[in-house]
1. Scanning for something in contact with a Ser or Thr (Cβ under 7 Å, 6 or more places away or on another chain), in the same structural domain as A:R62 (by the TED database) and polar (S, T, N, Q), does region A:225-233 turn up at least one residue?
2. Can you pull out every residue in region A:248-300 that is polar (S, T, N, Q) and out of contact with any helix residue (DSSP H, G or I) (no Cβ under 9 Å at 6 or more places or on another chain)?
3. Please find, among B:V312, B:V335, B:V303, the residue that is within 21 Å of B:A9 (Cα to Cα) and free of Cβ contacts under 8 Å to residues at least 40 places away in the same chain.
4. Quick one: which residue in B:G305, B:G299 is away from chain A (no Cβ under 11 Å) and at pLDDT below 95?
5. Kindly list the number of the only condition in (1) more than 11 Å from chain A (Cβ to nearest Cβ); (2) more than 21 Å from the chain's Cα centre (by Cα); (3) under 29 Å from B:A206 (Cα atoms); (4) of a type in the set (S, T, N, Q) that fails for B:Q102.
6. Which one is nearest to B:A287 (Cα to Cα) among residues in region B:330-345 that are aliphatic (A, V, I, L, M) and either within 11 Å of chain A (Cβ to nearest Cβ) or touching a helix residue (DSSP H, G or I) at 6+ places or on another chain (Cβ under 6 Å) (or both)?
7. Give the number of residues within region B:346-363 that are crowded, with 21+ Cβ neighbours inside 10 Å and more than 14 Å from chain A (Cβ to nearest Cβ).
8. Give region A:208-238 a look and list any residue that's polar (S, T, N, Q) and under 17 Å from the mean Cα position of the chain (by Cα), or say none.
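The values are calculated or read from the model by the stated rules, or taken from the named source; none is laboratory data. Predicted model only: the values in this text are computed from it and were never measured. We place every Cβ from the backbone using ideal geometry, glycine too, and count neighbours over all the protein chains shown.
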Protein chains: 2
Amino acid sequence: MWLGARLAALPTPALAIDRAVARRNAERMQERCRALGLRLRPHVKTHKTLEGGALATGGTRRGIAVSTLAEARFFADGGFDDILLAYPLPTGRLEECAQLAQRLEAFQVLLDSPGALQCLRQRPLAGGKRWLVWLKLDCGNGRAGVRPTDPGALPLARAIAEEAPEEVTLVGVYAHCGNTYGCSGVPAIQDIARATTAAVLDFVAALRQAGVPCPQASIGSTPSCSHPVPEMSELTEVHPGNYIFYDLQQTLLGSCQPQDVAIRVLTRVIGHYPHRNQLLLDCGWTALSLHGWAQSPAGCATVEGHPQLRLVGLTQEHGLLEPVGGQVDFGRFPVGTVLALVPFHACATAAMHPVYYVHEEGEVVALWHPVRGW
Amino acid sequence: MWLGARLAALPTPALAIDRAVARRNAERMQERCRALGLRLRPHVKTHKTLEGGALATGGTRRGIAVSTLAEARFFADGGFDDILLAYPLPTGRLEECAQLAQRLEAFQVLLDSPGALQCLRQRPLAGGKRWLVWLKLDCGNGRAGVRPTDPGALPLARAIAEEAPEEVTLVGVYAHCGNTYGCSGVPAIQDIARATTAAVLDFVAALRQAGVPCPQASIGSTPSCSHPVPEMSELTEVHPGNYIFYDLQQTLLGSCQPQDVAIRVLTRVIGHYPHRNQLLLDCGWTALSLHGWAQSPAGCATVEGHPQLRLVGLTQEHGLLEPVGGQVDFGRFPVGTVLALVPFHACATAAMHPVYYVHEEGEVVALWHPVRGW
């Protein structure tokens with residue numbers, strides 16, 4: 001019912017996506033990867049929408065990374081294929097994985113332990129299908145993955161490749177360089193991108209030297225892929241995700257410029273409280289999330305066009321704005337005024353919304369409905 | 001499809017609600033209010049489900065507070081009535097409010113400014129219906145509301161009551177004592193409950209003295225209503241919400257005992273990382289929310305039955321556990337082990353889940369589907 005509406009007419013809070021900016025972000029990442037000779041496997045966890053996935057794959061709907069089985073099913077139902085569940089193998093939900101593996105041309109899983117490999121071996125696929133497996137490497141991020149220098153890493157890769165070639169295939173090695181999110185500025189991000197690339201390529205070289213073919217090598221994170229280092233061209237693919245929307249955090253990291261951020265939360269002024277020099281907004285943490293609250297000087301969001309205002313409180317459905325200094329000019333912000341918040345973390349903010357209002361120059365041109373759950 | 005399943009069989013992460021505990025919380029609050037001669041108007045924002053609302057109203061489905069128009073419509077569709085939109089009047093969505101006012105016996109709104117009253121006056125209801133209005137008071141919480149000592153407060157209450165008696169009715173005054181969340185311990189909470197009650201009752205007395213009848217007086221917050229002060233019996237109603245689930249925060253505040261917390265997030269161990277002494281969980285901030293991260297020594301959640309473990313990292317779909325001291329006994333937590341997290345803030349955690357698995361003694365007896373959006 002909101003197609004054709006102006007953004008300012010929408011009920012608030014509302015998640016607004018600038019389609020032209022998102023498309024430009026998608027195209028630039030595609031161009032960057034083409035220039036490096038890399039396949040782009042966009043991660044869809046930021047938006048979790050078919051439309052965002054279509055944009056990010058340049059319309060092919062082939063070659064994505066997902067973070068949940070719910071996403072995998074949703075995108076499979078939406079005509080996507082070559083889907084990598086970029087998450088430690090959910091050994092308790094192997095049957096769901098097997099169903100996806102049987103119905104898709106390529107459903108890929110990743111693992112980082114011999115136990116997970118044994119789990120796959122206990123559930124061979126039918127009809128000549130093989131489990132397509134990526135070995136997850138931890139190259140300094142410190143979350144999931146086996147460290148490439150770990151004595152068990154090469155034997156595990158070998159076991160995936162050779163233990164049961166009729167059942168399991170080693171597709172490649174996969175590393176998420178999420179440690180780039182702790183950086184400040186492009187040079188520091190590029191140092192991590194370079195180190196991750198080197199660690200991955202050294203591991204692949206050692207594998208080859210040991211006679212184990214490892215066709216693919218993938219790294220990713222929006223910071224590293226937004227300003228890639230030339231060494232990355234030796235990889236086969238990258239898997240960033242956030243870049244399609246970008247956010248305040250990415251501008252602070254140096255991944256993008258403010259004009260590259262496609263996501264806003266629209267909110268209205270719903271109260272004036274002169275005795276405490278504050279404006280009340282109809283946007284709480286159910287619409288914005290609390291990301292950035294303790295991490296960034298700007299907090300969870302900036303107010304577009306009003307750098308003198310800052311969010312000083314968020315409860316379930318209310319937000320409080322006050323000036324960085326001086327007095328609020330209440331006459332400038334009458335009750336009903338629509339403000340646009342630039343969120344700190346697009347993935348976290350998008351996760352709070354059942355619908356995204358997608359616009360071109362302020363006119364709603366599409367509604368995107370994300371998948372939720374697990 | 002999960003009815004009859006054991007909790008340990010559920011796909012994780014999963015939100016589990018212990019129905020017996022929730023029912024006991026509901027009954028205790030009803031009993032507490034009966035003893036004080038107070039009407040209980042449960043706030044439904046914590047669970048946002050018809051089933052939770054039925055439990056909290058003792059099956060009457062009459063007399064609730066909601067925080068969004070989406071909730072108001074959802075509960076109206078579900079057979080609820082006497083619904084108070086406990087939120088500053090959404091002046092840009094007056095038509096939606098009018099529709100609810102026309103279809104329900106009692107749809108009530110609240111406001112805290114003359115502008116909002118004028119807005120209501122410009123949209124009179126049809127068929128002899130009147131706008132049922134609560135004046136929102138700020139008795140020290142510092143969010144929405146007019147302070148009872150503000151020179152404009154009494155004139156605004158008088159205007160609601162008398163300006164257009166055929167169009168607008170003053171139902172009462174409403175104060176949310178959310179400042180109890182800043183307390184430590186029951187005496188401090190009760191000081192705020194007493195002060196809020198006194199401020200509200202003084203205001204009502206002044207109104208009566210000025211010849212303005214104000215039939216209702218409502219205060220609320222789970223901390224204040226869990227250990228009410230006798231003075232509250234002079235009010236007409238209270239409107240707590242969180243108590244039906246309670247949470248880690250409420251146990252820290254002193255509102256409840258650990259055994260009163262009805263909500264858990266179930267998660268599985270999905271990785272062992274001995275070199276950094278950590279377990280990986282399939283629960284990130286999409287399943288838990290980040291509430292409590294910077295507020296509580298226990299962080300976003302405690303691990304039930306394992307006080308020696310603490311959450312040290314949460315990303316979108318991953319959580320990291322490590323011991324408070326010493327080494328993880330990895331043999332005790334094999335991959336696949338189901339753990340139950342007691343979340344810091346039930347409202348925030350519930351908001352992340354499209355379905356709640358409701359159980360009796362570990363067997364799923366119902367699925368509750370909350371309303372989302374605005």
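1. There is at least one residue in region A:225-233 that is in contact with a Ser or Thr (Cβ under 7 Å, 6 or more places away or on another chain), in the same structural domain as A:R62 (by the TED database) and polar (S, T, N, Q).
2. Within region A:248-300, the subset polar (S, T, N, Q) is A:249-251, A:255, A:257, A:259, A:267, A:277-278, A:286, A:289, A:295-296.
Answer for region A:248-300, where residues must be polar (S, T, N, Q) and out of contact with any helix residue (DSSP H, G or I) (no Cβ under 9 Å at 6 or more places or on another chain): A:N277, A:Q278.
3. Working: B:V312 fails: within 21 Å of B:A9 (Cα to Cα); B:V335 fails: free of Cβ contacts under 8 Å to residues at least 40 places away in the same chain.
The conditions single out B:V303.
4. Values: B:G305 fails: at pLDDT below 95.
B:G299 is the lone residue from the list that is away from chain A (no Cβ under 11 Å) and at pLDDT below 95.
5. Against the list (1) more than 11 Å from chain A (Cβ to nearest Cβ); (2) more than 21 Å from the chain's Cα centre (by Cα); (3) under 29 Å from B:A206 (Cα atoms); (4) of a type in the set (S, T, N, Q), B:Q102 comes up short only on (3).
6. Among residues in region B:330-345 that are aliphatic (A, V, I, L, M) and either within 11 Å of chain A (Cβ to nearest Cβ) or touching a helix residue (DSSP H, G or I) at 6+ places or on another chain (Cβ under 6 Å) (or both), the one nearest to B:A287 (Cα to Cα) is B:V342.
7. Within region B:346-363, the subset crowded, with 21+ Cβ neighbours inside 10 Å is B:346-353, B:356-359.
Retained after the next criterion (residues that are more than 14 Å from chain A (Cβ to nearest Cβ)): B:358-359.
Residues that pass the stated criteria total 2.
8. Filtering region A:208-238 for residues polar (S, T, N, Q) gives A:209, A:216, A:218, A:221-222, A:224, A:226, A:233, A:236.
Of everything in region A:208-238, those that are polar (S, T, N, Q) and under 17 Å from the mean Cα position of the chain (by Cα) turn out to be A:S218, A:S221, A:T222, A:S224, A:S226.
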